[in-house]
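Heads up: the structure comes next, in structure tokens.
The values are calculated or read from the model by the stated rules, or taken from the named source; none is laboratory data. Please read these numbers as outputs of a predicted model, since none were measured by experiment. Positions of Cβ are generated from backbone atoms using ideal geometry, with glycine treated the same way; all protein chains shown enter the neighbour counts. What goes into the accessible areas is simple: the full protein's heavy atoms, side chains included, and nothing from ligands, DNA or RNA. Shrake-Rupley method; radii C 1.70, N 1.55, O 1.52, S 1.80 Å.
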Amino acid sequence: MLHWINGKAILVYDPDCNNQFRSIVLPTSLRTTNARRLGVCQEHLCVTQLKPKQNGDFVTVWKLQDYNNNINNMGTWCLEFKPCLGELVTVDSSGPFWYTPELLALHPYDGGVVYLRHRNHVDACNLQTRMLKMVTNEIVDQRVLPLVHPCWPTPVPSARSNSISPAN
């Protein structure tokens with residue numbers, strides 16, 4: 001399945017099913033042109049958004065609850081987090097935000113962690129604890145592709161005992 005945000009909805013394309021398209025309508029507050037990133041966390045489709053406001057920038061994380069039971073293109077979305085970036089406590093030298101950071105990605109296993117590009121380095125922002133920690137001080141391009149491979153069952157070869165008969 002391929003997914004991308006197209007204005008007010010997420011388009012879903014299944015190349016293995018007769019090139020079938022469907023759409024999932026986004027919540028009203030996500031239907032803006034603000035920075036949005038699509039991701040998967042704990043097997044749920046999620047949308048993160050950075051919303052600049054005069055009284056402080058907010059990061060929101062929305063989780064789609066019913067991906068497979070999506071009737072009439074209306075999924076059930078749940079707002080997981082909405083902290084103000086000004087409330088974050090820095091753990092290291094990443095420092096306060098003097099300008100709006102750039103939203104890079106959502107952590108693939110912890111929906112409470114987003115990655116932000118701030119002053120040419122990457123910060124991990126824990127939205128639950130309100131802690132901000134620098135991940136790298138390397139200059140990072142804005143394009144981040146979170147590639148997560150599922151835990152596939154690994155086939156284990158059966159142990160067959162090849163009995164060797166003693167030579168006569």
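Just to make sure I understand: if all protein chains stay in place, what is the order of Val114, Val25 by accessible area at 1.4 Å, largest first?
Working: Val114 0, Val25 35 Å².
Greatest to least solvent exposure: Val25, Val114.
Non-local amide H neighbours of Val113 (under 5 Å, H modeled in plane, Pro and chain starts lacking H): which ones?
Sorted by chain and number, the residues that satisfy this are His107, Leu127.
Sum up the charges of everything whose Cβ sits under 10 Å from the Cβ of Val47, counting Lys and Arg as +1 and Asp and Glu as -1, but leave Val47 out.
Charge balance in the 10 Å sphere: +3.
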